[in-house]
Amino acid sequence: MINVTLRQMRYFEALARHRHFGRAADACAVSQPALSVQIKELEEVLGVQLVERGARQVRLTSLGEDLVQRVRGILRSVDELGELARASREGLAGRLRIGVIPTIAPYLLPAIVATLARDHPEADIRVRETVTPKLLKELGEGRLDTAIVALPVSEPAFEEVALFSERFVLVRPGEDGDLPVPGPEGLREMRLLLLEEGHCFRDQALSFCNMQSAAPRELLDGSSLSTLVQMVGAGIGVTLIPEMAIPVETRSAAVSVAHFADPQPARTIGMIWRRSNPLARQLTQVAELVRETARTRLRATPVQG
């Protein structure tokens, strides 16, 4: 019988994810030699080479690439054993890993975490902020329990619960505040500042303007909404931001904010989790908490999931 340990599988999965022995060891909170020994023992037990060890980068062999997918499935199932036990208890306790997209995290997350800590003191809240594609990947691999994103994501493996909707607003230089608010056609003629590729908010803004692509000189990319608003304040162009970002991002910039005419651009924010997650009942409770927090803190329009 092949004697592969959970420790070896977790170390191997971390190495496959980071492609670097040092970073994988840090992620597993062990020394690099200890991780290397476990990977070597795993290869000896299986009788195959799983890793190509380079000077600066680690590559998986073709068999290693195949194996890591099975290992992730096994580890996900093992983690769900603990989640089954947690699901049998009332309330929320233990580790809860929440992913959030960057156009939500700074404005809503502090209130959510504070409310969770107050209502569920036994919960260990851990937060991951990154773009939607990475959240979906990590959620599918079992490295996150749930994620707060813009809907729909249209992934059959995930449960989607709509929480609230919010409008987009136009941010212009302060001196342009008295000008008529342009529609989508007018925006296409302006220098539109957008988040860089990978952010779903970028795609939503382009969709409102009916722009699939544009020449580099017509669009300028930024890494955050804060950067975009500051660039607008410097007179470089205009941008769109979600309503929840207005108090934070416009307080120190010489800009004006305007709402579009109906039908106004908007997005639906929701929570997603794996359909197989045993904590579905508890996550549904968390979703209701997030919905109520958005309603009271942001005056967002609730959407019943």
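Where a number appears in this text, it was derived from the coordinates with a stated rule and is not lab data. Everything numeric here is computed off the predicted structure, so don't read it as measured data. Note: ideal-geometry Cβ built from the backbone for every residue, glycine included; neighbour counts use all protein chains shown.
Some points to look at:
- Principal axis analysis of the Cα atoms in the chain yields extents of 76, 49, 33 Å, listed in decreasing size.
- When region 6-85 is reduced to its Cα atoms, the Kirkwood hydrodynamic radius in Å: 12.8 Å
- Placing pseudo-labels 7 Å out from each Cα toward the beta carbon at Val257 and Thr284 gives an inter-label distance of 3.5 nm.
- Percent of C-alpha pairs per 5 Å bin, region 102-247, short to long: 2, 8, 16, 19, 18, 14, 10, 7, 4, 2, 0
- Stokes-Einstein diffusion coefficient of region 1-158, Kirkwood radius over Cα pairs, 4 °C, 1.567 mPa s, in µm²/s: 74 µm²/s
- Nearest-ten-degree value, helix 32-46 long axis tilted from longest Cα axis of the chain: 60 degrees
- For region 246-288, the spread of Cα positions along the three principal axes, ordered from largest to smallest, is 48, 28, 15 Å.
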